[in-house]
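See below for the structure under consideration.
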Amino acid sequence: MGIFNKIFGNREEIEYKTILAQVSNPLMDKIDAIDEREVRDFFKTILDAAERSLRSILFMAPEEFNFKKQMTKEDIDFWLSKVSLAFMSYSYYFYGDVPEIEKNQNFTNLVDVSYRAYWQRMFDYYNQIFNENIGQREIDCYASGLKEDTEKGYSKSGNMEKVSELTTRDYRTISSELLRKIWKEDIDSNERKGLFLGARIWQAYQQIVQPFLTKLLREY
């Protein structure tokens, strides 16, 4: 597969691509071994979105945030696994109202099981690909703001101030973990940097993963 075959210009980008391949190639091999095409496509999409968001942070973020660093194999592995988990979490609550999804006959035909059981399968595949052990608790942690919006209907009622507050909560969840592990920084001391990081990840989700999910449900 060629989703990681990007064009890199300078030495730092070429070194990044070399280390990236050491992490991404084994992950892609695991994904390619999955029987269900829609599952393979989903994980390729979130992995691609995760990598693109990392590249944008390393090479396109404003210099004031000082994201540039020599990424190790462990750094990239951590980023891809955690950001992919965040994308999984956002996707779980993508449609907001689970009972409405379960009434969608096309979706039911696609998965042939209930909504939650379908996503449990996806959690299992995530665990297999990334050697993790996540479940509903982790999904709800990374998307706790989105979950609350889903349950209380702030977006539907137009309460955008509350929606912004909840979105910021989800930004902080993923970005604080990434800052601490990869850049050895505390988000409480780098609030703007952390929110920028979280916003870039959410942007990648909106631009790459959301359209894929919409197209998937339309096709089936």
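Bear in mind these aren't lab numbers, they're just calculated from the coordinates by the rules spelled out. Quick caveat: nothing in here was measured; it's all calculated off a predicted structure. Quick reminder, even Gly has a Cβ in these numbers, built from the backbone with ideal geometry, and neighbours come from all protein chains shown.
Data overview
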item	result
Matching residues, the range 61-72, being surrounded by fewer than 12 Cβ atoms within 10 Å (Cβ to Cβ), part of a helix (DSSP H, G or I) and in contact with a helix residue (DSSP H, G or I) (Cβ under 9 Å, 6 or more places away or on another chain)	64
Looking only at the range 60-83, and only at residues there that are on the phi < 0 side of the Ramachandran plot and polar (S, T, N, Q), the one that is nearest to the chain's Cα centre (by Cα)	81
Within the range 18-49, tally of residues that are aliphatic (A, V, I, L, M) and more than 16 Å from residue 73 (Cα to Cα)	6
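Conditions (1) of a type in the set (A, V, I, L, M, F, W, C); (2) under 18 Å from residue 119 (Cβ atoms); (3) in contact with a strand residue (DSSP E or B) (Cβ under 8 Å, 6 or more places away or on another chain), marked per residue:
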| site | (1), (2), (3) |
| --- | --- |
| 31 | yes, yes, no |
| 37 | no, yes, no |
| 41 | no, yes, no |
| 46 | yes, yes, no |
| 50 | yes, no, no |
| 53 | no, no, no |
| 56 | no, no, no |
| 61 | yes, no, no |
| 66 | no, no, no |
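A quick yes/no check of all residues on (1) part of a helix (DSSP H, G or I); (2) surrounded by fewer than 20 Cβ atoms within 10 Å (Cβ to Cβ); (3) among the β-branched types (Val, Ile, Thr):
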{"residue": "39", "(1), (2), (3)": "yes, yes, yes"}
{"residue": "43", "(1), (2), (3)": "yes, no, no"}
{"residue": "46", "(1), (2), (3)": "yes, no, yes"}
{"residue": "53", "(1), (2), (3)": "yes, no, no"}
{"residue": "57", "(1), (2), (3)": "yes, no, yes"}
{"residue": "74", "(1), (2), (3)": "yes, yes, no"}
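A quick yes/no check of all residues on (1) among the hydrophobic types (A, V, I, L, M, F, W, C); (2) free of Cβ contacts under 8 Å to residues at least 40 places away in the same chain:
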position	(1), (2)
67	yes, no
74	no, yes
77	no, no
83	yes, no
87	yes, no
